[in-house]
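Structure record follows, encoded as structure tokens.
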Amino acid sequence: MKCYLIAKKLSHSFSKPIHNALADYSYEYKELDESELCNFFAEKDFDGLNVTIPYKTAVMQYLDEISPEAEKIGAVNTVVNRGGRLCGYNTDYYGFCYQIKESGAEINGKEVVILGSGGASKTVMCVCNDMGAKSVRTVSSAELRSGDVEKYLNGQIVVNATPVGMYPDTGVAPVDIRKFKDCEAVLDLVYNPSCTKIIFDAKECGIKAVNGLGMLVAQAKRACEIFTDRVIDDAEISKIRSQIEKQTKNIVLIGMPGCGKSSVGKELARLLGREFFDSDDEIAKRGKTPAELIEKYGEEHFRSIEREVLSELCKKSGCVIATGGGAVTKKCNEYVIKQNSFVVFINRPVKNLATDGRPLSQGGIERLEKLFKERLPLYRNICDIEVESMRSWQETAQAILNKR
């Protein structure tokens, strides 16, 4: 079988590894200009297709048959070639149903607010209406740009159907979810980064929130069933989701200066075949080392540069990253670090910390112990796991892999 994902631009799709995990057919990415669609569909040189932005509506004119749910939504994201007859489906419907289930949100009788009025919002609206929502309202792009969202603030379920917050433009949200005082759940269709700003803010407020990865895997599973004409157990969805998260999330190491983050990070990168970055080294590439910046301009200036560097590093995927020991002291870095990462706190006894070349670690054991006491709750608040520093960096790296 020859299958493709088609779009205008495909930069960071997770679809190929998902389909590879579901079945053994050929699945490739194909970027097409709108002018190429007609010939592509006329040639019919494929067995199955997934279709993404911006062609979910445009492809419908080339199909011989369209399923009822796709007709109702007005968008197709899956096409199967049955002996030259092209049949279109909308498996996003199934995927969003799964995301709702995954979130634990109750749609029946609730006020639903959809951020964005593009193609994805049509699927969300259809599902929510079918699930008995009390009302489903769509916030237009113009309203989002102007911030004119006052009339939507009573929304109980908020769905982000915009690309706002998606890689590479992370760290922004389409709305300030903290203003939605009745909000019970946030469902973001974006899946890269793993934790978008709107999800992070929702969780900070104690609101249920899930990204779009579960939806992506679920719709792919349904598409695979259509391609192969076989039933796949729903348990595969969570299994594959976990695999994709493990592959794509960075491993970010935090801890006191001199605890061995760089040495452990290099060993982890070697074991996993990943790229390694040290935030202090990346800062030094800009012209001055952290020690030189602190000495010449002060700690605050250094922290602002550190945040810029961390913002670029931590939105990557599948890397190992060692941070500076004080990165956690700035609240604004919490989202930056966690956005697409599995965060590991390496806890090493203060007496064993290396201090050479670390200006903020000077002042003797008393100074270090005071610094550690101040930072310990910050490390523990942001980390996913805590690992004691072992006798060797290799042992510490293996301990992280065992707990991951």
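The values are calculated or read from the model by the stated rules, or taken from the named source; none is laboratory data. Predicted model only: the values in this text are computed from it and were never measured. Cβ atoms come from the backbone with ideal geometry, glycine included; neighbour counts cover every protein chain shown. Just the protein is used for accessible areas: all its heavy atoms, side chains included, with ligands, DNA and RNA removed. Shrake-Rupley method; radii C 1.70, N 1.55, O 1.52, S 1.80 Å.
Any residue in the range 185-202 that is among the aromatic types (F, W, Y) and outside any helix (DSSP H, G or I)?
Yes - at least one qualifying residue is present in the range 185-202.
Restricted to the range 21-117, the set of strands (runs of 3 or more DSSP E) holding at least 2 residues that are open to solvent by less than 20 Å² (accessible area, probe 1.4 Å) and over 24 Å from V164 (Cβ atoms) comprises 48-51, 78-82, 85-89. Just one of the listed residues (L49, L37, L22, L63) is in contact with a Leu (Cβ under 6 Å, 6 or more places away or on another chain) and farther than 21 Å from S121 by Cβ, namely L63.
Total residues in the range 118-166 satisfying the condition of being surrounded by fewer than 19 Cβ atoms within 10 Å (Cβ to Cβ), closer than 17 Å to P54 by Cα and not polar (S, T, N, Q): the figure is 2.
Do we find that N192 is farther than 27 Å from K9 by Cα and either in contact (Cβ under 8 Å) with a residue 40 or more places away in the chain or among the small types (G, A, S) (or both) in this structure?
no
Filter the range 377-393 for residues that are part of a helix (DSSP H, G or I) and surrounded by 15 or more Cβ atoms within 10 Å (Cβ to Cβ); which is nearest to the chain's Cα centre (by Cα)? Top of the filtered list is I382.
Condition check: surrounded by fewer than 21 Cβ atoms within 10 Å (Cβ to Cβ), in a strand (DSSP E or B) and either over 30 Å from the mean Cα position of the chain (by Cα) or in contact (Cβ under 8 Å) with a residue 24 or more places away in the chain (or both). Does F342 satisfy that? Considered against the rule, which asks whether it is surrounded by fewer than 21 Cβ atoms within 10 Å (Cβ to Cβ), in a strand (DSSP E or B) and either over 30 Å from the mean Cα position of the chain (by Cα) or in contact (Cβ under 8 Å) with a residue 24 or more places away in the chain (or both), F342 comes out as yes. Figure legend. Inter-residue proximity from the range 365-386: first residues closer than 19 Å to K249 by Cβ, second residues acidic (D, E) and not in a helix (DSSP H, G or I), beta-carbon distance below 9 Å, spacing 6+ or different chains. Indicated pairs: Y379/E386.
Cβ-Cβ distances below 7 Å connect the following pairs, each with a first residue in the range 96-115 that is of a type in the set (D, E, K, R), a second residue that is in a helix (DSSP H, G or I) and modelled with pLDDT of 95 or more, and a separation of six or more residues or different chains: E102/G214. In the range 126-139, the qualifying residues are those that are out of contact with any helix residue (DSSP H, G or I) (no Cβ under 8 Å at 6 or more places or on another chain) and touching a residue at least 24 places away in the same chain (Cβ under 8 Å), and the one that is nearest to I100 (Cα to Cα) is C128.
In the range 147-163, the residues that are free of Cβ contacts under 8 Å to residues at least 24 places away in the same chain reach residues that are in a strand (DSSP E or B) with C-beta atoms within less than 9 angstrom, at least six apart or across chains, in these pairs: D148/V139; K151/R137.
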